[in-house]
Amino acid sequence: MISSTDILTGLGLFATALTLHIIWWRRRVPSREMLCLCLIFLVGPEVVLLAAAACALAASPPSAVLLAFLIRSLFLISLSLIYIMTYPPIQAGCPSLKIILALAKAKPEGLSVREVYQLFPEDTMLSERFEDLINEGLVSWRYDSWGISAAGRGLATFFRLFRRILGMPLGEG
């Protein structure tokens with residue numbers, strides 16, 4: 001059963017990772033943002049949980065320590081993956097968010113269709129997304145064509161499987 005200690009531990013480690021992320025990104029955004037996010041939110045906190053579990057073995061039965069570790073780890077990983085999955089569209093300025101922010105700024109007058117389309121210059125949108133994919137090592141540009149890396153293929157496979165589990169069609173939304 002999940003306890004308040006489990007929740008507070010997960011929230012505390014997540015808050016610590018988030019603080020580290022904010023401090024790091026304000027000083028200098030790393031070239032491989034997703035890799036760094038995974039290190040900050042998944043690897044680092046899990047190492048802390050493992051160390052805490054190892055220390056707790058001296059005072060508690062192994063089964064209780066293992067159960068607490070698994071509960072805390074699952075909660076922390078869930079929070080972290082939610083954050084990591086929402087980070088790319090927010091940092092890249094997802095179209096829905098850009099429209100909402102522009103409409104909020106326009107107040108009651110709203111925006112015309114032409115003004116909304118002007119928010120999204122095609123060449124900028126695509127070139128920035130390709131730069132992100134190249135920086136993350138998911139795609140490459142060679143001999144005047146785009147290619148997918150092993151990491152990109154793995155990510156695509158993961159999302160295809162995830163969408164299939166959710167019953168969502170591929171390539172939409």
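Each reported figure results from applying straightforward, stated rules to the coordinates on display, with no laboratory input. Values in this document were obtained by computation on a predicted structure and should not be read as measured data. Counting neighbours? That spans all protein chains shown, and the Cβs are built from the backbone with ideal geometry, glycine included.
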- prompt: Any idea what the relative contact order of the chain is, in percent, if you count C-alpha pairs under 8 Å spaced at least 6 apart?
  reply: 20
query: Between Ala151 and Met85, what is the FRET efficiency for a Förster distance of 25 Å, r being their Cβ-Cβ separation, to the nearest 0.05?
result: 0.95
task: For the chain, state the average projected area of the convex hull of the C-alpha atoms over all orientations, rounded to one decimal in nm².
output: 15.0
- request: Specify which residue in the list Leu35, Leu66, Ser112 is farthest towards the positive end of the charge dipole of the chain, using unit charges on the beta carbon of Lys, Arg (+1) and Asp, Glu (-1), about the Cα centre.
  value: Leu66
- prompt: If you wrap a convex hull around the C-alpha atoms of segment 1-51 and split its volume per residue, what is the figure in Å³?
  reply: 71
- prompt: Hey, what angle do you get for helix 44-56 against the long axis of the chain, alpha-carbon based, 0 to 90 degrees rounded to 10?
  reply: 10
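Length gain on complete extension for the stretch Ser60 to Leu103, per 0.36 nm per residue less the alpha carbon to alpha carbon distance?
9.9 nm
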Per-residue ³J(HN,Hα) for segment 151-165, Karplus 6.51 cos²θ - 1.76 cosθ + 1.60, θ = phi - 60°, Hz, x for Gly and Pro: 5, x, 5, x, 5, 5, 4, 4, 5, 4, 5, 4, 5, 5, 4
- prompt: Once the Cα atoms of helix 4-27 and of the chain are each reduced to a long axis, what angle between those two axes, in degrees from 0 to 90 to the nearest 10, is obtained?
  reply: 40
query: Using +1 on the beta carbon of Lys and Arg, -1 on that of Asp and Glu, and nothing else charged, what's the dipole of the chain about the Cα centre, debye to 20?
result: 180
task: Starting from the Cα gyration tensor of segment 4-92, multiply each eigenvalue by 5, take the square root, and state the resulting semi-axes largest first in whole Å.
output: 28, 12, 10
